[in-house]
1. Of all DSSP beta bridges in the range 1-119, what percent run antiparallel (nearest 5)?
2. For residue 70, what accessible surface area do you get with a 1.4 Å probe? Give it in Å², rounded to 10.
3. Choose one answer from 159, 238, 307: the residue with the largest mean-square fluctuation in a GNM of the chain with alpha-carbon springs under 10 Å.
4. Of the chain, which part is the longest with no GluC sites (Glu not before Pro) in a loop (DSSP not H, G, I, E, B) and with at most 13 other C-beta atoms within 10 angstrom?
5. What length, rounded to one decimal in nm, is gained on full extension from residue 289 through to residue 12, with 0.36 nm per residue of separation minus their alpha-carbon distance?
6. Which one of 224, 251, 212 has its Cα pushed farthest toward the positive end of the charge dipole of the range 193-324, where Lys and Arg give +1 and Asp and Glu give -1 at the Cβ?
7. Give the percent of DSSP beta bridges with both residues in the chain that are antiparallel, rounded to the nearest 5.
8. By a straight-distance test (C-alpha under 28 Å), which lysines pair with residue 84 as possible cross-link partners, with residues fewer than eight away in the same chain excluded?
Amino acid sequence: MFPATRMRRLRRTGLLRGLVRETELTPAHLVQPLFVRHGAEGREPIASLPGIDHLSISAAVQEAGEVAARGIPAVLLFGLPAAKDELGSGAWDDEGIVQLATRAIKAAHPDLLVICDLCLCEYTSHGHCGVLRDDGVVDNDATLELLARTAVSQAEAGADLVAPSDMMDGRVGALRAALDDHGLAETPIMAYSAKYASAFYGPFREAAGSAPRQGDRRGYQMDPANALEGVREAELDAAEGADVIMVKPALAYLDVIRRVKDATNLPVAAYNVSGEYAMVKAAAAAGLLDERAAVLEALTGIRRAGADIVITYHAKDAAEWLTA
Ligand code: PBG
């Protein structure tokens, strides 16, 4: 009790604050997403994500090298295929954009982890995350087989982890079985378990060309109002064999990150998504926020909530600030 207890004593200097800091944020906790595309060599800025580029395979190899040089252990790959169709067959094409990029990055940077986002929405002509039935609803069970083929193709290309982001029921079990059947029992699954139907994916859908032509994703992604359901999703994925559980988005869902962390004994990843990134970039560009301070505070908050791994478009910048 005051005056004996004075909380300010340990806040007096940077050294004291460092000595008692509860949460650590280092480049080792971060994952950098990359967008790989067919076509012209080099990079092109993505209008909706200032500072992030569409990359050719050679540009992705170069970018991966920069990521690794900053002490970031992993990249998360998204692909923009040359063509799309009803089923999303580009997703499991052994010569598909993500498979080619994975091989090229692993050959050049064997010590960098390559995580492949696993979903059909970038590859389907209708933009949904699975196969459509005649009535326009995504057919859960028919989609599982296509996701399983994609997982095998990505793992055979050298993916260190596969990360299903489709939100079909039973997909972790289906992926685990298919990987094991193909001699890929050592490939871990990082499951987007509690993935919400969020407005904060807006800039990504422009970047990946994956906005649904019709309807929305609320029939398979979660209702933002539900936290207990997020824990159930995490527990189910854990039971089906997930190795890492993900919560997405991050900043409006810090309570879900904490609940999932407390309820499962698995490593937890959180995805600081495109809209969260774009908000900070826009505010900083308008002179309303100190970008560096805001980013490091947000990423520390995600770690404090319980995330072991933070996937963020800020990863490269943050790693530089953290080691400067
Ligand atoms: C694919 C996928 C999405 C994101 C990651 N994987 C888009 C979506 O579900 O609509 C969003 C990532 C971001 O916003 O940064 N299903």
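The values are calculated or read from the model by the stated rules, or taken from the named source; none is laboratory data. What you see is a predicted model; the values in this text were computed from it and never measured. Using ideal geometry, Cβ is built from the backbone for each residue, glycine included, and neighbour counts are taken over all protein chains shown. Only protein heavy atoms, including side chains, enter the accessible area calculation; ligands, DNA and RNA are left aside. Shrake-Rupley method; radii C 1.70, N 1.55, O 1.52, S 1.80 Å.
1. On the way: 3 of 16 bridges.
Antiparallel bridges make up about 20 percent of those DSSP assigns within the range 1-119.
2. Counting only protein heavy atoms, residue 70 exposes about 70 Å² to solvent.
3. Maximum fluctuation in the GNM of the chain, among the listed residues, is at 238.
4. Numbers: sites that count: 22, 24, 41, 86, 95, 186.
The segment 187-324 is the longest one with no such site.
5. Working: separation 277, 0.36 × 277 = 99.72 nm, distance 2.52 nm.
Answer, rounded to one decimal: 97.2 nm.
6. Checking the options against the dipole of the range 193-324, the answer is 212.
7. Details: 4 of 38 bridges.
Here the antiparallel bridges make up roughly 10 percent for the chain.
8. Residue 84 reaches 106, 195, 248.
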